[in-house]
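The values are calculated or read from the model by the stated rules, or taken from the named source; none is laboratory data. Quick caveat: nothing in here was measured; it's all calculated off a predicted structure. Here the Cβ is made from the backbone with ideal geometry for all residues, glycine too, and neighbour counts use every protein chain on show.
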Ligand SMILES: Nc1nc(=O)c2c([nH]1)NC[C@@H]1CN(c3ccc(C(=O)N[C@@H](CCC(=O)O)C(=O)O)cc3)CN21
Ligand SMILES: CC(C)C(=O)C(=O)O
Ligand SMILES: [Mg+2]
């Protein structure tokens, strides 16, 4: 634990960082032990991602993850975290019924310790985003490869290739920002498209497989520690390679994101 504890990050502070051009470093986190490590290493935002269904549970997608499981892991992370901004992922089926269901699910994550909730999907979610924001719940939107829709999208494929698909994603991003989303995750899309969306919005855009020109980056923790099974996706870098332990690997990730040296457009991008 560092001698000088950081002040807890706020949405106000994240907006200031973004306005000043400082990149935001986000990692997924699923438990208290890692939350301590990430907090001490200076990670700005922790996402309790529904990717835990694949990473922790060994399932083939994020579709089976339940709200109850997300609440449990959010509570675990909140217990270990002191100063990072904590984002809870709404799982598949926990907001699609309508605004009332979305508010109930978001409330469960906020009461478990989340500071913000994230939900996947395009323009159709804008009304729900507005509804939650008006009721005091900060919302992060998520566009591009939205894993909860993997069976509809036809696999883990790069999104927004082609003019029409790119224009649609740009329109959805604008609609979500207008609805009050305070942050936007862009997953798996060409650099140029993610750069254009980041430029067009004032809110921080956090990329994963979306190029270096986003306002910040996120990776799945176990991927950047070289712990995920199988061949990693192209956008992953193993920060354990040459690192002196886990805390050092996480500090190297934070440093690389802040310096703009990760992701490398030659290696990790589309
Ligand atoms: N461990 C883990 N890491 C992740 O980043 C992640 C998850 N799990 N689970 C939920 C989703 C699924 N994700 C994935 C999974 C696979 C690819 C993948 O294999 N992509 C190909 C690109 C295919 C194309 O060119 O269209 C690649 O080579 O990167 C990408 C994102 C991202 N998310
Ligand atoms: C990869 C990030 C953006 C995510 O949604 C997750 O980890 O569930
Ligand atoms: Mg997710």
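Residue count for region 243-270, restricted to those that are modelled with pLDDT of 95 or more and out of contact with any strand residue (DSSP E or B) (no Cβ under 9 Å at 6 or more places or on another chain): 12. The set of residues in region 40-57 that are more than 10 Å from ligand 2 (Cβ to nearest atom) and buried (at least 23 other Cβ atoms within 10 Å of the Cβ) comprises 43, 44, 45, 46. When residue 132 is tested against the conditions (1) in contact with a helix residue (DSSP H, G or I) (Cβ under 9 Å, 6 or more places away or on another chain); (2) assigned to a loop (DSSP other than H, G, I, E, B); (3) under 20 Å from residue 67 (Cβ atoms), the lone failure is (2). Does at least one position in region 198-220 carry a residue that is over 20 Å from residue 117 (Cβ atoms), modelled with pLDDT under 95, more than 16 Å from ligand 2 (Cβ to nearest atom) and assigned to a loop (DSSP other than H, G, I, E, B)? There is no residue in region 198-220 that is over 20 Å from residue 117 (Cβ atoms), modelled with pLDDT under 95, more than 16 Å from ligand 2 (Cβ to nearest atom) and assigned to a loop (DSSP other than H, G, I, E, B).
Residues in region 157-197 that are in contact with a strand residue (DSSP E or B) (Cβ under 9 Å, 6 or more places away or on another chain) and assigned to a loop (DSSP other than H, G, I, E, B): 158, 159, 160, 179, 180, 181, 182, 188, 189.
Reported count of residues in region 252-270, each being crowded, with 20+ Cβ neighbours inside 10 Å, under 17 Å from residue 45 (Cβ atoms) and away from ligand 1 (no atom under 16 Å from the Cβ), is 1. Sort out which residues of region 132-153 are closer than 13 Å to residue 116 by Cβ and surrounded by 15 or more Cβ atoms within 10 Å (Cβ to Cβ), and write them in order of number. Matches in region 132-153: 132, 133, 137, 138, 139, 140, 141, 142. Note on region 238-251: residues that are over 19 Å from the mean Cα position of the chain (by Cα) and either part of a loop (DSSP other than H, G, I, E, B) or surrounded by fewer than 15 Cβ atoms within 10 Å (Cβ to Cβ) (or both) total 8.
The criterion of at least 3 residues that are within 13 Å of ligand 3 (Cβ to nearest atom) and without any contact (Cβ under 8 Å) to a residue 24 or more places away in the chain is met by none of the strands (runs of 3 or more DSSP E) wholly inside region 28-126.
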